[in-house]
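Since every read-out is calculated from the coordinates, none of them should be taken as a lab result. These numbers come from a predicted model, not from an experiment. Note: ideal-geometry Cβ built from the backbone for every residue, glycine included; neighbour counts use all protein chains shown.
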């Protein structure tokens, strides 16, 4: 996965209806990795170094302003908060929570088998969703 393929997938699936932010620094990544006690996957680091979170946006029909409606990829701070929450409440120790589906189900990267899972909050079921973050996009 490279930056060009990430941008191409975002353009294909979100038709330019996404917003990027300032990239994270290597120091921020190291700090979060230290707090979590694990390394972020290279795919996620690449995305975060491009943009600290990627938001899905729509245009307000009245004001024409772009409004954020959800995260495609969380900011690094949101990843930290959500990952700690899932560790403490659902015993998901080997996962990094990096997004959600907008209705309460979280996407997480399993660092043991390098795959993306979705956690269904209604029934507590964890299901494999994609082989990689690139496939998730």
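Tabulated data for the structure shown
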read-out	value
Residue 49 being part of a helix (DSSP H, G or I) and without any contact (Cβ under 8 Å) to a residue 12 or more places away in the chain	no
Every residue from segment 32-41 that is without any contact (Cβ under 8 Å) to a residue 40 or more places away in the chain and either in contact with a strand residue (DSSP E or B) (Cβ under 8 Å, 6 or more places away or on another chain) or not in a loop (DSSP other than H, G, I, E, B) (or both)	33, 34
Hits in segment 74-106 (condition: in contact (Cβ under 8 Å) with a residue 40 or more places away in the chain and surrounded by 14 or more Cβ atoms within 10 Å (Cβ to Cβ))	75, 76, 79, 80, 83, 96, 98
Any hit, segment 13-31, residues being buried (at least 16 other Cβ atoms within 10 Å of the Cβ), within 18 Å of residue 114 (Cα to Cα) and free of Cβ contacts under 8 Å to residues at least 60 places away in the same chain	no
Test: residue in segment 66-76 that is assigned to a helix (DSSP H, G or I) and in contact with a helix residue (DSSP H, G or I) (Cβ under 6 Å, 6 or more places away or on another chain)	yes
Selection from segment 52-64 of residues that are out of contact with any strand residue (DSSP E or B) (no Cβ under 7 Å at 6 or more places or on another chain) and either touching a residue at least 40 places away in the same chain (Cβ under 8 Å) or exposed (fewer than 13 other Cβ atoms within 10 Å of the Cβ) (or both)	61, 62, 63, 64
Which numbered condition residue 44 misses (of (1) within 24 Å of residue 129 (Cα to Cα); (2) not in a helix (DSSP H, G or I))	(2)
